[in-house]
Each structure stands twice: as C-alpha cells, then as structure tokens.
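Remarks on the structure that follows.
The values are calculated or read from the model by the stated rules, or taken from the named source; none is laboratory data. Remember, predicted model here, so these are calculated numbers, not experimental data. Counting neighbours? That spans all protein chains shown, and the Cβs are built from the backbone with ideal geometry, glycine included. Remember, those area values only see protein heavy atoms, side chains included, never the ligands or the DNA or RNA. Shrake-Rupley method; radii C 1.70, N 1.55, O 1.52, S 1.80 Å.
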Amino acid sequence: MNKNDKIKITLSLAIFIAIVINTFFMFQISNLLQNGNVGKKQNTIEDTSSNTNTNDTSSSNENEPDLSSEKNTLNYVSNGTFIVKDGKIVEKDESVGETLAWYFDPMCPACVNLESSLSEDIPEISSKMPIQYYPMDFFSNNDKNNFSHKAGAMLLSVVETRPDIALKFMTAVISPDFQQENRTNDEFKSKFIEVGGKEEEWNTVLSYLDITGEQISNSTMTVNANGELDSKAPKKEDGSQSMYIPFLVIGNSDKNINFSESGDSTAKDFILSSIDKIGRAV
C-alpha cells in the first residue's frame, strides 16, 4: 500500500467519524427540542385545566357559601357576634362606634324572658346605641346538640344567610315556648320558614353551622378563661362578684347594667336611661 492509498483511507475514516458524530449530535438536539415542545404543551394543558377548574367551581358555587375562607364567607358574623343598628343587622366591617354588648345564653330562662319582652323595642334601643349580641353556650357542657349551643349556632347561621329575618328568628327560637333540649334541625327549620325563610335556603344555613358553632364555643371559653365579665359584674355582700346572664354592658363602661336597681322602670326604659347616663358621663 503506497503513501497515497494510506492518505485516502485516513481521510475516508475521518469523514465517516465526522458524519457519525454529527448525526449523533443532531439526534440529541432533535430530542431536546422535541422534549422542550412537549413540556410546553404539557404546561399549557395544566394551566388551562387549572383555570377551567377555578372557573367551574366559581360558577357552580355561585349561590352557595364559600367555606374555604372565613374572612370571605362571613359578612355579618364576627367572632361569634353580630351587630344591630336601627333595628337592622349590619355588616361586620361597618363602623358603628360604641355598642351595647349583650351576652346571653339561649338556655338561660332570664335571657329568654328579657329577649321576649324586648323584641319589639330593639329598633328603638339600637337607634340609641347599636347592640352587639354575644350568644354564649354556658349551659351546653360541650354538647353540640344541646339547645344552648345549637340555638346560638343556628341563630348566627341565619344571621349570615338571611340578616333581614334573623331578629324574627331569634325571637321565635329564643323563647319560652321553643326553649327545650335536643331540638332537631327540622324544628329549627320550621321556625326559619315560619318567619320568612325559604326551603331552598336552609342548606345554606346548615352549611355555616361548623363555623358559627366553633365561634360560639371559642368566645364562651374566652369569656370563662379571662374573666372579662366578672370584673364588670356587681359585687355580693361578701365582696365576691355576682356573675349572671343576661349581661349587658354599655360601651366602655366598667360595670354592667344591674337590673336589680331598675326599681319600677321597665327593662327598656332602664336600658335607655342607662345609655343616657353613660353618654353624659363620657
């Protein structure tokens, strides 16, 4: 084999190797590009699917409460309370100034009697000073089916669902005729419809019960734990605090309204006069 033949063979091998290497790199580049495009297509599909699901959920639940966020869900109920001004329940974010804090337990006979006797006077009282209602479950013994807890949670759920009829519902439920242990959901539903609620709204009322029930339990435990009402209660002869419900506190007053001092005044007149006294003192 002469020198020229060797050169030809060497060049042929070099060209063959170059072709193989080039083919390999082209194949790899092609795969990378293809995978990149597939990845982009997959991302596009995932994004579209996510948007579709979000839109579908919003559409299907348009008339149902979104329980995923308490802040977005509850418009009228805040920390187990609601506010009445000029006889109407107002949104929780509305600025109303000082309020008449009204603590009550649906199972407490005195609470029921006071609410029943004043139901028609709430517009007048709340026009003098907005009322902030605090349903408590002191008598529930941690039983969610107990009337004390259940009636309070039902009330807050109706406040959130139908604030326009919630005060009527409160009068119908927090009453001597209805106050009874182990009331069923259907019995509460009958009262709801009786005061103007609609059959199709009842599931919405029930959907709030977990939230409103938890708020009532938490607020009751807080009141018990920090003694926030004890210090405002009148003292007994032995110097101890006389804590009882219903418990009404005007604004930032350091004492509650002591109905034992009302004399011949009606409950409404005594509350109104107490509001006036606090206003003059301030």
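General remarks:
- Selection status of residue 231, in contact with a strand residue (DSSP E or B) (Cβ under 8 Å, 6 or more places away or on another chain), open to solvent by 50 Å² or more (accessible area, probe 1.4 Å) and hydroxyl-bearing (Ser, Thr, Tyr): yes
- Options 218, 252: the member that is modelled with pLDDT under 90, of a type outside the set (A, V, I, L, M) and over 14 Å from residue 128 (Cβ atoms): 252
- The residues listed here are 182, 145, 141; of these, the one that is in a loop (DSSP other than H, G, I, E, B) and on the phi < 0 side of the Ramachandran plot is 145.
- Pairs with Cβ under 7 Å, 6+ apart, first in the range 136-156 and open to solvent by 60 Å² or more (accessible area, probe 1.4 Å), second among the basic types (Lys, Arg): 144/150
- For first residues located in the range 99-110 and within 15 Å of residue 232 (Cβ to Cβ) and part of a loop (DSSP other than H, G, I, E, B), partners that are open to solvent by 10 Å² or more (accessible area, probe 1.4 Å) and modelled with pLDDT under 95 and lie 6+ apart or on another chain with Cβ distances below 8 Å form the pairs 99/251.
- Listed by first and then second residue, the pairs with beta-carbon distance under 8 Å, at least 6 apart or on different chains, first residue in the range 198-212 and within 12 Å of residue 154 (Cα to Cα) and surrounded by 15 or more Cβ atoms within 10 Å (Cβ to Cβ), second of a type in the set (S, T, N, Q) and modelled with pLDDT under 95, are 208/73; 211/73.
- Residue in the range 242-261 that is free of Cβ contacts under 8 Å to residues at least 12 places away in the same chain, over 24 Å from residue 127 (Cα atoms) and out of contact with any His (no Cβ under 7 Å at 6 or more places or on another chain) present: yes
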